[in-house]
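Peer 1: This is the structure I want to talk about, given as structure tokens.
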Amino acid sequence: MISWRLRRTMVDKVTFAAVAIASIALLFVGAHVILVALVEGLPVMAEKGLRLFIESPGLPGGGIGGFGPTLIGTIVMVLTASLAGAAIGVPTGILMNEYSSWWLSKIAREALQLIAEIPSIVVGLVVFVLVVLPMGRPSALAGALSLCITALPYIAAQTRESLAAIPMSYREAAFSLGLPKWKTVLRIIVPMNLRGIATAVLLGTMRALGETAPVLFTAGAAFHAFYGLDRPSSTLSLLIFFFAQTPYENWKRLAWAAVLQLIVLSMVLAFAVRKLSGEVKL
Amino acid sequence: MKLDPLKILLSPAAIALIIVSASILAVLVYESLNTWIQDGIGFLLRLEWSPSEETYGTYGMLAPFLGSLVTAVIAMTVAGALSTALAVFVNEYAPKRFNNFISLALFSMAALPTIVYGMWGLSVFAPAVRQSGLASLCAMGSPTGYSVFTAGVVVGLMIAPFSAAMVLEAYRAVPFTYVEALHSLGAKGFERAGVILGLIKGSIIASALLSFGRAIGETTIVAMTVGNVINLPLCPFQPAHTITSLIASQFGNAYLYPGLQSRLLAGALVMVIGSSVSTSLGMWLARVTARRLKGESL
């Protein structure tokens with residue numbers, strides 16, 4: 001009897017140790033990822049200061065330079081992507097909530113599900129075939145289109161979810177005053193929920209900012225200047241992807257500075273989303 | 001029937017979205033048609049990789065195909081084990097005041113872009129794997145630390161916060177009467193966890209399926225850490241390729257080789273189907289489990 005009790009206690013202790021170690025290991029990795037970026041990135045930022053955000057990368061094996069043109073490319077592409085994503089995603093989200101049993105909503109839901117499940121590299125391949133090949137070159141526009149497609153499911157789904165959370169009584173009040181459905185939705189439900197819609201768009205922006213695979217073949221790899229919307233460009237994530245894998249110490253250090261920059265931007269967006277609407281699934 | 005102005009206003013966006021997703025499928029199918037007609041699924045079963053600029057080369061994708069599967073299985077195992085352990089730790093052992101901290105930490109981890117994990121894998125984890133000497137366990141172990149194992153673990157760590165959110169939600173959705181009953185029987189932590197994990201088995205499998213779907217399509221991390229060699233992934237510490245890393249490294253020049261682009265897009269289509277099936281199955285299973293748990297609480 002005693003040995004049985006002892007065994008139970010021991011198994012409990014072992015289980016505790018195992019799950020505690022696993023949990024701490026997971027959280028430690030998260031902290032370590034950020035810590036390494038700080039340790040590697042901060043010195044570069046301190047050394048270059050604001051010039052980091054203006055200059056273009058140095059020659060291989062030379063100075064560090066900066067990621068100025070890439071930062072412009074990133075901002076242009078991500079903003080274009082989230083505006084276009086909002087223009088398509090928000091109305092679709094409203095439609096899916098307001099007419100959930102209409103055939104168009106049902107097809108839209110399936111289409112959205114499909115885009116959400118498709119690996120993001122595939123979006124890049126399709127945009128490559130449809131836009132880059134006919135244009136004859138990768139461009140900021142093609143990159144923005146790929147990012148827009150990857151951000152769409154997040155924007156539409158989050159819009160729909162935030163609208164679904166509005167209590168029915170508001171609609172009932174509007175209907176009882178004789179407002180038609182379109183006025184109810186456009187004048188009352190949507191304005192009431194601007195916060196939810198802003199959350200949805202920010203979430204899409206965050207996704208667009210963090211993605212690398214969709215822009216791999218569509219945005220080009222122009223790190224030294226921003227040439228315009230219809231010309232090759234680059235994003236921070238692309239810069240990291242290419243520069244980190246070169247043997248040049250100065251390019252690796254620039255990549256680390258870009259990693260830190262990307263972490264800061266993503267965190268700002270993520271916590272803005274969290275602040276705007278409490279618990280959000282990423 | 002009266003036309004609804006709201007429908008007219010909102011429909012164009014929905015139609016645009018449907019056109020986008022239809023054209024993704026159409027492009028994948030149309031551009032890879034050549035491969036399916038000439039070869040069927042033969043290219044997935046062939047090992048030989050010999051590109052040619054003049055003739056249609058041989059592009060056997062068996063090795064990257066298996067590489068994708070092995071990497072995704074490793075990632076799924078890592079994410080599943082860590083998230084289940086975390087759910088047990090948070091709910092049965094950790095003081096309640098840690099809850100906020102842990103959910104904040106998971107949120108921050110989920111917010112990190114994949115390229116950041118890729119950079120960590122490339123500069124921290126791969127060198128650690130190299131120094132650990134684990135590669136000597138394999139006949140053709142990776143001397144650099146870039147291997148299927150490295151890629152799988154880093155992808156698993158990247159997915160773990162998402163998977164943990166799902167398992168934690170399921171764990172907390174277990175009706176409180178069960179938890180109460182377990183406590184009143186004097187069950188210890190591991191016994192309570194055993195019963196509750198049994199109840200939410202469906203959700204755990206569902207989250208594993210979703211992780212698998214995500215891992216199969218992950219490109220950035222894998223391309224940076226898998227080693228990029230066409231190799232059968234017979235041993236986890238060997239460098240290899242996955243379909244995604246193969247696309248990432250070859251697609252840019254694929255137009256130079258007749259036939260390569262079509263093969264790569266066929267590989268992409270296979271991956272889309274695999275990831276889609278796994279994700280849909282996972283979401284269905286999660287719904288069914290959640291509904292059953294709710295039903296039992298009545």
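Peer 1: Of the options A:V131, B:A81, A:L147, report the single residue whose Cα projects farthest towards the positive end of the charge dipole of the protein assembly as shown (beta-carbon charges: Lys, Arg +1; Asp, Glu -1).
Peer 2: Projecting each Cα onto the dipole axis, the largest value belongs to B:A81.
Peer 1: Which lysines, if any, have their Cα less than 21 Å from the Cα of A:K252, not counting same-chain residues under 8 positions apart?
Peer 2: A:K48
Peer 1: List the residues, sorted by chain then number, that are 5 or more residues from A:G65 or on another chain and whose placed amide H is less than 5 Å from its amide H.
Peer 2: Sorted by chain and number, the residues that satisfy this are A:G58.
Peer 1: Taking the mean number of other Cβ atoms within 10 Å as a proxy for protection, how do you rank A:71-77, A:268-274 from highest to lowest?
Peer 2: Values: A:71-77: 23.0, A:268-274: 17.9.
Top of the packing list down: A:71-77, A:268-274.
Peer 1: Let me make sure I get this right: for the range B:58-297, a, b and c are the square roots of the gyration tensor eigenvalues over alpha carbons, sorted descending. Under 1.5 in a/c it's rounded, otherwise prolate if a/b > b/c, else oblate. Which is it?
Peer 2: Taking the square roots of the gyration eigenvalues as a ≥ b ≥ c, the range B:58-297 is prolate.
Peer 1: Spin-label point model (7 Å from Cα, Cβ direction): what's the B:A128 to A:K183 distance in nm?
Peer 2: Modelled inter-label distance: 6.3 nm.
Peer 1: Lone cysteines in the protein assembly as shown, going by a 4.7 Å Cβ-Cβ cut-off?
Peer 2: Lacking a cysteine Cβ partner under 4.7 Å: A:C148.
Peer 1: Which of the peptides A:115-124, A:200-209 is most tightly packed, and how do the rest follow, going by the mean number of other Cβ atoms within 10 Å of each residue?
Peer 2: On the way: A:115-124: 24.8, A:200-209: 26.5.
Per-residue Cβ counts within 10 Å, averaged per peptide and sorted highest first, yield A:200-209, A:115-124.
Peer 1: What FRET efficiency would be calculated for the residue pair A:V39, A:L79, taking the C-beta separation as r and a Förster radius of 41 Å, to the nearest 0.05?
Peer 2: After rounding to 0.05, the efficiency reads 0.85.
Peer 1: Calculate, for A:E172 and B:A139, the FRET efficiency according to 1/(1 + (r/R0)^6) with r their C-beta to C-beta distance and R0 56 Å; round to the nearest 0.05.
Peer 2: The computed FRET efficiency comes out at 0.20.
Peer 1: Under the definition of partner shielding as Cβ atoms of other protein chains within 10 Å of a residue Cβ, what is the mean value for peptide B:22-28?
Peer 2: Partner Cβ neighbours, averaged per residue: 5.
Peer 1: Given a 1.4 Å probe and every protein chain left where it sits, what share in percent of the accessible area of the range B:1-72 is carbon and sulfur?
Peer 2: Looking at the range B:1-72 in its full context, I get 69 percent from C and S.
Peer 1: Looking only at other chains, what is the average number of their beta-carbon atoms within 10 angstrom of each beta-carbon in B:79-85?
Peer 2: Mean shielding by partner chains, rounded to a whole number: 4.
Peer 1: What is the dipole size for the range A:109-255, taken about its Cα centre, with +1 at each Lys and Arg Cβ and -1 at each Asp and Glu Cβ, in debye to the nearest 20?
Peer 2: Values: 12 positive and 7 negative charges, 79 e Å.
Dipole magnitude for the range A:109-255 comes out near 380 debye.
Peer 1: With point charges of +1 on the Cβ of Lys and Arg and -1 on the Cβ of Asp and Glu, referenced to the Cα centre of chain B, which listed residue (B:M283, B:T177, B:A254) lies farthest in the positive direction of the dipole?
Peer 2: The residue sitting most towards the positive pole is B:T177.
Peer 1: Still on this structure: Could you give each residue of the range B:7-18 its phi-based ³J(HN,Hα) in whole Hz, using Karplus coefficients 6.51, -1.76, 1.60 with θ = phi - 60°, and x for Gly or Pro?
Peer 2: Per residue, the Karplus-derived 3J(HN,Hα) values read 4, 4, 5, 8, 4, x, 5, 5, 5, 4, 4, 5 Hz.
Peer 1: If we restrict to alpha carbons, what Rg and Dmax does the range A:1-76 come to, in Å?
Peer 2: 24.6, 75
Peer 1: To the nearest 0.05, what FRET efficiency results for A:R51 and B:E169 with a Förster distance of 56 Å applied to their C-beta separation? Before the final figure, lay out each step's value.
Peer 2: On the way: r = 46 Å, r/R0 = 0.82.
Here the calculated transfer efficiency is 0.75.
Peer 1: Run the numbers on the range B:236-275: which residues show a drop of 20 Å² or more in accessible area, chain on its own versus all protein chains together, using a 1.4 Å probe over heavy atoms?
Peer 2: B:I247, B:A248, B:F251, B:G252, B:Q261, B:L265, B:M271, B:V272, B:S275
Peer 1: In the range B:154-209, carbon and sulfur make up what percent of the accessible area (probe 1.4 Å)?
Peer 2: That fraction is 68 percent.
Peer 1: Continuing with this model, one more query. Cα centroid distance between the range B:37-99 and the range B:102-137, in Å?
Peer 2: Taking the Cα centre of each part, the range B:37-99 and the range B:102-137 sit 17 Å apart.
Peer 1: How far apart, in nanometres, would the label points at A:R137 and A:K106 be if each is projected 7 angstrom from Cα along the Cα-to-Cβ direction?
Peer 2: The modelled label-to-label distance comes out at 4.8 nm.
Peer 1: Beta carbons within 10 angstrom, averaged per residue: use that to sort the peptides A:234-247, A:39-52, B:190-203, highest first.
Peer 2: A:234-247, B:190-203, A:39-52
Peer 1: Here's something else I'd like to know. Per DSSP helix of 4 or more residues, -39500 (n - 2.57); summed, then divided by the residues of chain A. What does that give at 222 nm, rounded to the nearest 500?
Peer 2: Helix contribution divided over all residues of chain A: -23500 deg cm²/dmol.
Peer 1: On to the next question. Cα gyration tensor of the protein assembly as shown, axes a ≥ b ≥ c as square roots of the eigenvalues: rounded (a/c below 1.5), prolate (a/b > b/c) or oblate? Let's see the in-between values first.
Peer 2: On the way: a/c = 1.43, a/b = 1.07, b/c = 1.34.
Judged from the Cα gyration tensor, the protein assembly as shown comes out rounded (a/c under 1.5).
Peer 1: Summing -39500 (n - 2.57) over the DSSP H runs of n ≥ 4 in chain B and dividing by its residue number, what mean residue ellipticity at 222 nm do you reach, to the nearest 500 deg cm²/dmol?
Peer 2: On the way: 13 runs with 208 residues, N = 298.
Mean residue ellipticity at 222 nm (helix-derived): -23000 deg cm²/dmol.
Peer 1: Tell me the per residue accessible area of the protein assembly as shown using a 1.4 Å probe; a whole number in Å² is fine.
Peer 2: Per residue, the protein assembly as shown has 43 Å² of solvent-accessible surface.
Peer 1: Let me ask something else. Would you list the membrane-span-like helices of chain A, meaning whole DSSP H runs whose alpha-carbon atoms span at least 30 Å along their axis and whose mean Kyte-Doolittle value is at least 0.5? Intermediate results must be reported in sequence, preceding the final value.
Peer 2: Details: long enough: A:2-48 (68 Å, 1.21); A:68-98 (44 Å, 1.32); A:140-164 (35 Å, 1.01); A:249-277 (42 Å, 0.93).
Correct list, ordered by number: A:2-48, A:68-98, A:140-164, A:249-277.
Peer 1: What is the average number of partner chain Cβ atoms found within 10 Å of a Cβ in A:147-159?
Peer 2: Per-residue shielding by partner chains comes out at 1.
Peer 1: Let me ask another. Quote the charge dipole size of the range B:1-112 about the Cα centre in Debye, to the nearest 20; the model charges only the Cβ of Lys and Arg (+1) and of Asp and Glu (-1).
Peer 2: Charge dipole, the range B:1-112, about its Cα centre: 760 debye, nearest 20.
Peer 1: Modelled label-to-label distance, A:A198 and A:K275, 7 Å Cα→beta-carbon offset: nm?
Peer 2: So the label points at A:A198 and A:K275 sit 1.0 nm apart.
Peer 1: With 32 Å as the cut-off, how large is the P(r) tail for the range A:68-277, expressed as percent of Cα-Cα pairs?
Peer 2: When every Cα pair of the range A:68-277 is considered, 26 percent fall beyond 32 Å.
Peer 1: Rounded to the nearest 20 debye, what is the charge dipole size of the protein assembly as shown about its Cα centre when +1 sits on each Lys and Arg Cβ and -1 on each Asp and Glu Cβ? Display every interim value, and only then the final one.
Peer 2: Numbers: 38 positive and 25 negative charges, 346 e Å.
Its charge dipole is roughly 1660 debye.
The values are calculated or read from the model by the stated rules, or taken from the named source; none is laboratory data. Just so it is clear, the structure is predicted and the values come from calculations on it, not from any experiment. So basically every Cβ, Gly included, is an ideal-geometry build from the backbone, and we count neighbours across all protein chains shown. Ligands, DNA and RNA are excluded from the accessible area calculation, which covers all protein heavy atoms including side chains. Shrake-Rupley method; radii C 1.70, N 1.55, O 1.52, S 1.80 Å.
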